[in-house]
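The values are calculated or read from the model by the stated rules, or taken from the named source; none is laboratory data. Just so you know, these numbers come straight off a predicted model, no measurement behind them. Every residue, glycine among them, receives a Cβ derived from its backbone with ideal geometry; neighbour counts consider all protein chains shown.
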Amino acid sequence: MRASIFVIYTLTASMLFAVITATVPVATLLSEPEPAFAERTLNTIQTSFTRNVPRMQTGFTYLTSLSPLLTSLSSSPATTSVPTSPDSPDILSITTEIDSQRGTKISAMLGTMSILSTSFSDSVITQTTRELQLATLKTRESLTLMSLDLHRSEYPEALQHYNEVMYYIDVYVGIANEALPMKLKIMGPNGENVRRRDDDVVKREGAF
């Protein structure tokens, strides 16, 4: 009778485990998925890097090129030779680039930043993915504020938000390069920079 109770318990409460372990060693079950998971994740990262980073860096380069103009605009109107009207070609081209949802360097940059961030996760969202997505969000928000400043001819504020954009990109690149394989590195506005940890604006907001 006691033997029958034991058999019933095994087939009900632990049937799945008993059936599997009867044919496959437990050590195999525990050890084999890890290399497969690591290889799958690495392949995902490498593929995503190849597809997305070139367009991302095109956006970085474009933003870097705006620094002299925005610096000049933020100075006293009497000392700048740049037209300061929001409708001037120089300023209008920037706001159009930022405001467009697709088909621009900036829209491609933001899209690829978001896509690459997901490649660091598989079945579980990792901390790296969360931090990269937050840095992308902060970049997008600062770009939106920068465009609003330019539309309003508030050029010192535009420069401030531009610097925030470049900062969050810097943070993104640092986080990504820490997580990427050694042979894959993103060249950001300030090079292959490491993640900032000292006066981190994002960290102050309780994100990292």
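Of all the criteria given as (1) of a type outside the set (Val, Ile, Thr); (2) closer than 25 Å to Ser121 by Cα; (3) modelled with pLDDT of 60 or more, the one not satisfied by Arg197 is (3). For the stretch 87-101, taking the residues that are surrounded by fewer than 17 Cβ atoms within 10 Å (Cβ to Cβ) and either among the hydroxyl-bearing types (Ser, Thr, Tyr) or touching a residue at least 24 places away in the same chain (Cβ under 8 Å) (or both), the one that is nearest to Ser67 (Cα to Cα) is identified as Ser93.
For the subset of the stretch 70-83 comprising residues that are in a helix (DSSP H, G or I) and not β-branched (Val, Ile, Thr), which member is modelled with the highest pLDDT? Looking at the filtered set, the residue picked out is Leu70.
Considering the conditions (1) assigned to a helix (DSSP H, G or I); (2) without any contact (Cβ under 8 Å) to a residue 60 or more places away in the chain; (3) surrounded by fewer than 18 Cβ atoms within 10 Å (Cβ to Cβ), Ile115 is excluded by exactly one of them, (2).
Every condition in (1) of a type outside the set (Lys, Arg); (2) surrounded by fewer than 18 Cβ atoms within 10 Å (Cβ to Cβ); (3) within 28 Å of Gln46 (Cβ to Cβ) holds for Thr139 except the one numbered (2). Based on this model, can you work out whether Val165 counts as of a type outside the set (Ser, Thr, Tyr), touching a strand residue (DSSP E or B) at 6+ places or on another chain (Cβ under 6 Å) and buried (at least 21 other Cβ atoms within 10 Å of the Cβ)? It is false that Val165 is of a type outside the set (Ser, Thr, Tyr), touching a strand residue (DSSP E or B) at 6+ places or on another chain (Cβ under 6 Å) and buried (at least 21 other Cβ atoms within 10 Å of the Cβ).
If you go through the stretch 37-56 and keep only what is basic (Lys, Arg) and at pLDDT below 90, you end up with just Arg40. In the stretch 102-112, which residues are surrounded by fewer than 21 Cβ atoms within 10 Å (Cβ to Cβ) and more than 11 Å from Arg140 (Cβ to Cβ)? Selection gives Arg102, Gly103, Thr104, Lys105, Ala108. For the stretch 57-69, does any single residue satisfy the condition of being out of contact with any helix residue (DSSP H, G or I) (no Cβ under 9 Å at 6 or more places or on another chain), of a type in the set (Val, Ile, Thr) and either farther than 30 Å from Asp149 by Cβ or modelled with pLDDT of 50 or more (or both)? Taking every residue of the stretch 57-69 in turn, none turns out to be out of contact with any helix residue (DSSP H, G or I) (no Cβ under 9 Å at 6 or more places or on another chain), of a type in the set (Val, Ile, Thr) and either farther than 30 Å from Asp149 by Cβ or modelled with pLDDT of 50 or more (or both).
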